[in-house]
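Structure record follows, encoded as structure tokens.
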Amino acid sequence: QVQLVESGGGLVQAGGSLRLSCAASGRLGSINAMAWYRQAPGKQRELVATITSGGITDYADFVKGRFTISRVNAKNTVYLQMNSLNPEDTAVYYCNAEIRPAGILIYSDYWGQGTQVTVSS
């Protein structure tokens, strides 16, 4: 079984920083793109940042200059460094990855369970 496990969420004051981690485990063949999404109460899930297997990144406009996505392929792990947090960043943050399990020929989307980030004013 393939799974994604996030960690690093919590409560932080406005202007503070948090670092999220997401590790893929199980019978992994290969991992393509990885990404972070978030969902605030009463809102749809939205894309925050993506990173390809080669390290090319892309960001939503509302996090550009504040958040940094990175990955360590040898550890099957993706990170999200979040700086200058504000209350509007409060949400459940989800890890997403395109994974081809070992012995399988196609890639599928996998999601983590989510980690809560709360920014107080």
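The values are calculated or read from the model by the stated rules, or taken from the named source; none is laboratory data. Nothing here was measured: the structure is a model prediction, and the numbers come from that model. Heads up, the Cβs are rebuilt from the backbone with ideal geometry, glycines too, and the neighbour counts pull from every protein chain shown. The accessibility values were calculated without ligands, DNA or RNA, using every heavy atom of the protein model including side chains. Shrake-Rupley method; radii C 1.70, N 1.55, O 1.52, S 1.80 Å.
Counting only the Cα atoms, segment 30-121 fills a convex hull of 105 Å³ per residue. So what's the net charge close to ASP89: Lys and Arg +1, Asp and Glu -1, counting the other residues with Cβ under 14 Å from its Cβ? Spelling it out: positives minus negatives among the neighbours equals +2.
Peptides 5-11, 67-73, 41-47, ordered by how many other C-beta atoms sit within 10 Å of their residues on average, highest first, read 67-73, 5-11, 41-47. Simple spin-label estimate for ALA60 and LEU105 gives 3.6 nm between the two label positions (7 Å along the Cα-to-Cβ direction from each Cα). Of the peptides 79-90, 98-109, the order by per-residue mean of other Cβ atoms within 10 Å, starting with the highest, comes out as 79-90, 98-109. Here segment 27-42 is scanned for amide nitrogen atoms under 18 Å from the site 7 Å beyond the Cα of LEU11 along Cα-to-Cβ, giving 41. Between the C-alpha center of segment 78-120 and that of segment 63-77 there is a gap of 10 Å. What's the local net charge at ILE104, with K and R +1, D and E -1, over the other residues with C-beta under 14 Å away? Around ILE104, the charge tally is 0. With all protein chains kept in place, the per residue accessible area of segment 24-121 amounts to 52 square angstrom at a probe of 1.4 angstrom.
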